[in-house]
Amino acid sequence: MVGGLLTRGEYPVMRRAVSRAIEAGINYFDTAPLYGDGQSEVNLGAILRELRADVVVGTKVRLAPSDLDRIPAAIPASLEASLRRLGRDSVDLYQLHNPITARRRPDQVSLTPDDVSVVLRAFEALQRQGKIRFWGITALGETDALHQVVSAGGLHTIQTVYNLLNPSGGRLVEPGFPYQDYRRLIDLAAAQRIGVIAIRVLAGGALSGTTDRHPIAMRGVAPISTGRDYAEDAARARQFDFLVTERVAESLVEAAIRFAISHPGISTAMVGTSSLEQLDHAVTAANRGPLPAEALGRVHTALSRTT
Ligand SMILES: NC(=O)c1ccc[n+]([C@@H]2O[C@H](COP(=O)([O-])OP(=O)(O)OC[C@H]3O[C@@H](n4cnc5c(N)ncnc54)[C@H](OP(=O)(O)O)[C@@H]3O)[C@@H](O)[C@H]2O)c1
């Protein structure tokens, strides 16, 4: 949805991107009913069938307000609709896409930790039917509630924010850190052997350091757990310019991707792409491996001054 390639791109370009990604060793594809109002699932499903690709596919369920008093029925119905769009009998990973908060917040259509227990029972039933292999959550919402859900166990994966601007999921931040403090949710999950999927690795694109958007990328990217707006995130990204000027990385985007994969608790990092060039760029960055320890130390020093 963010990069737009699989929702607003041209089909032959999408197909080339998926094929090139698989050749490069990428084996996990993330989609959701919400992305392009189902179009991402339709396109990804068609391409994977055409390519006869054996990859890991994850999709999600976002419950609507009217579903909240019928969660056990709403979840299989949403999965059936996703499977129809994807043209598959099952998916590898099925994730809750609603935010998680201490109390239900109608403005966000969020679920409480107790609601999540009901969701997980529905996921278990789908696993017994062979329709999903594993399940998890998108770990957005309130930090306390997210810690409660992850500590309770019973999850295979979380998708969580981790980037140069807000790495609080994977390291201690100073008191007064200005963004949401996830209080090392990644470490909590990794200690329980829950798979951690990093999202917002490029802060929705702001970690390119500019506010220019690709023509097919999502127009208004609202910051998640970072600044007040996209422009503020892009401006703050420039504090890491030293990684480029000192030739640790060739670009801020490369530095940001390599930062995400430097955390040992992260199983995989997702990068939204708008074009084949951005895909190639991400692959090249990942192939250069984690940032060196010395550079990570300098990043942490820069972060400790973030107020
Ligand atoms: N964010 C969430 O809440 C969330 C939740 C669950 C799943 N996800 C998944 O994660 C995917 C990515 O979303 P995200 O929010 O995590 O995005 P992201 O990867 O942080 O940012 C993606 C954006 O970065 C820019 N970019 C990528 N490569 C670049 C390059 N080489 N040079 C310059 N700019 C580049 C592109 O925007 P421009 O070119 O326009 O700048 C692209 O749209 C989603 O599509 C979804 O599958 C996200």
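The values are calculated or read from the model by the stated rules, or taken from the named source; none is laboratory data. All of these numbers come straight from a predicted model, not from anything done at the bench. Reconstructed Cβ throughout: ideal geometry from the backbone, glycine too, with neighbour counts over all protein chains shown. SASA here: full protein model, heavy atoms, side chains in, ligands and nucleic acids out. Shrake-Rupley method; radii C 1.70, N 1.55, O 1.52, S 1.80 Å.
Mind listing which trypsin sites (Lys or Arg not before Pro) in the range 273-305 are in a DSSP loop and have 16 or fewer other Cβ atoms within 10 Å? Mind dumping the intermediate values first?
Details: sites: 288, 298, 305; in loops: 288, 305.
Taking the range 273-305 and a limit of 16 other Cβ atoms within 10 Å, the loop trypsin sites (Lys or Arg not before Pro) found are 288, 305.
Take the Kirkwood radius over Cα pairs of the chain, plug it into Stokes-Einstein at 10 °C and 1.306 mPa s, and you get 80 µm²/s for translational diffusion.
At most 15 other Cβ atoms within 10 Å plus a DSSP loop assignment makes a site exposed; report the longest stretch of the chain without any exposed GluC sites (Glu not before Pro).
In short, 11-245.
According to the square roots a ≥ b ≥ c of the eigenvalues of the Cα gyration tensor, what is the shape class of the range 171-290, taking rounded for a/c under 1.5, prolate for a/b larger than b/c otherwise, and oblate for the remainder? The shape class here is rounded.
Given contacts defined as C-alpha pairs under 8 Å and at least six residues apart, what's the relative contact order of the chain, whole-number percent? Each step should come with its number before you reach the end.
Working: 541 pairs, mean separation 49.0, N = 307.
The value is 16 percent.
Between residue 23 and residue 305, residue separation times 0.36 nm minus the direct Cα-Cα distance comes to 97.4 nm.
Extension gain, residue 10 to residue 242, is 79.8 nm, computed as 0.36 nm per intervening residue step minus the present C-alpha separation.
Each helix, a run of at least 4 DSSP H residues, gives -39500 (n - 2.57); summed and divided by the residues of the chain, these come to -12000 deg cm²/dmol at 222 nm. Would you look at the GNM of the chain, springs on alpha carbons closer than 10 Å, and say which of 22, 186, 158 moves the most? Between 22, 186, 158, it is 22 that shows the largest mean-square fluctuation. Average accessible surface for the range 96-191: 41 Å² per residue, computed with a 1.4 Å probe over protein heavy atoms with every protein chain in place.
When the accessible area of the chain is split by element with a 1.4 Å probe, what percent falls to carbon and sulfur?
On the way: 6960 of 13840 Å².
Carbon and sulfur: 50 percent of the exposed surface of the chain.
Straightening the chain between residue 251 and residue 148 buys 33.3 nm, computed as 0.36 nm per residue apart minus the Cα-Cα spacing. Restricting the trypsin sites (Lys or Arg not before Pro) of the range 178-226 to loop positions (DSSP other than H, G, I, E, B) with no more than 14 neighbouring Cβ atoms within 10 Å leaves 193, 219.
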